[in-house]
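I have placed the structure first, in the form of structure tokens, so that the comments after it can refer back to it.
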Amino acid sequence: MNIVFLGPPGVGKGTYAAMLSVKLNIPHISSGDILRDEINKGTELGNKVRQYMNKGHLVPDEVIIEILKKRLDKNDCKKGFILDGFPRTVRQAEELKRFVDIDIVINFFAPEDLIIKRLSGRLICPKCKAVYNIYFRPPKNNRKCDICKSKLLQREDDKENVVRKRLEIYERETKPLIDFYRRNGILSDVYADQDIEHVINEIVRKIKGDVHGKNSRINKT
Ligand code: AMP
């Protein structure tokens, strides 16, 4: 099953993709994670994309398309995958379509004020990678990790002005993909601000309804 997760930054795609990847035993491919990994390793590619990411801008299509093609060519993707954060532009979606068949696109949505709080309130432990949120899941001890006591950090692109830029870019560049995939008849909407288990069950139900037939639950309107 080849799945795309669509939706604004901060809507929870990464969390849901990680859980579903375990449940379906297919890889979770996050374009943002791949790029952050390159930055952390200090590669040439990492140095090239850092400026774009820190400002909340999109990395050029040709760069990210090449990276994703290489990733999707790997053996672990043969039985399916969950794409999180790719495609983000119509050009990326068109390239992806040429390269592989997508079975279903889950389009997550949630109120914008909630999304802004989720992103601008997020704090990450650089050591053990635990994730907190000053509004929804604050650390017990002022900006220190509950688990390993390291000083928590905010992602450069989670600063409020950058968050607004990312959302602006989402509206302009990525939102048109909703219509793109709706026209393809493979889009299914899921409200993201619900209990995690509930969201996962809804996604699984929609995936099982799948594209193959009369019992399809996919919302094509
Ligand atoms: P994410 O973790 O998905 O929010 O991605 C973080 C950042 O990585 C984005 O703000 C972009 O700068 C870059 N990025 C991730 N995926 C893509 C993509 N498909 N196209 C262009 N830039 C991307």
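The values are calculated or read from the model by the stated rules, or taken from the named source; none is laboratory data. Because the structure is a prediction, the values reported are computed rather than measured. Every residue, glycine as well, gets a Cβ built from its backbone with ideal geometry; the counts of neighbours run over all protein chains shown. Please note that ligands, DNA and RNA were not included when accessible areas were found on the heavy atoms of the full protein model with its side chains. Shrake-Rupley method; radii C 1.70, N 1.55, O 1.52, S 1.80 Å.
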Quiz item: Mind checking the dipole of the chain: about its Cα centre, +1 per Lys or Arg Cβ, -1 per Asp or Glu Cβ, Debye to the nearest 20?
Solution: 540 debye
Self-check item: Solvent-accessible surface ranking, highest first, for K79, K13, K175, K140 at 1.4 angstrom
Solution: K140, K79, K175, K13
Exercise. Taking each pair of different alpha-carbon atoms in the stretch 73-113 once, compute 1/r for the pair, average those values, and report the inverse of that mean as the Kirkwood hydrodynamic radius in Å to one decimal.
Key: 12.1 Å
Exercise. Can you tell me the equivalent ellipsoid semi-axes for the chain? Use √(5λ) from the Cα gyration tensor, largest first, whole Å.
Key: 28, 21, 17
Quiz item: If Lys and Arg each add +1 and Asp and Glu each add -1, what is the summed charge of the other residues whose beta carbon sits under 12 Å from the beta carbon of N25?
Solution: +1
Quiz prompt | Distance from the stretch 1-40 to the stretch 139-194 (C-alpha centre basis), Å | solution = 12 Å
Practice problem: Between C148 and E197, take the C-beta separation as r, use R0 = 35 Å, and let me know the FRET efficiency to the nearest 0.05. | Solution: 0.80
Quiz item: Counting every Cα pair in the stretch 1-100, what percent are over 18 Å apart?
Solution: 47 percent
Quiz prompt | Mean shadow area of the stretch 4-54, taken as a quarter of the surface of its Cα convex hull (nm²) | solution = 4.2 nm²
Quiz prompt | the stretch 89-177: proportion of alpha-carbon pairs further apart than 23 angstrom, % | solution = 43 percent
Self-check item: Accessible surface of the stretch 99-178, 1.4 Å probe, proportion on carbon and sulfur as whole %
Solution: 51 percent
Exercise. Go ahead and set up a Gaussian network model of the chain, Cα springs under 10 Å, then flag whichever of E156, E202, E44 fluctuates most.
Key: E44
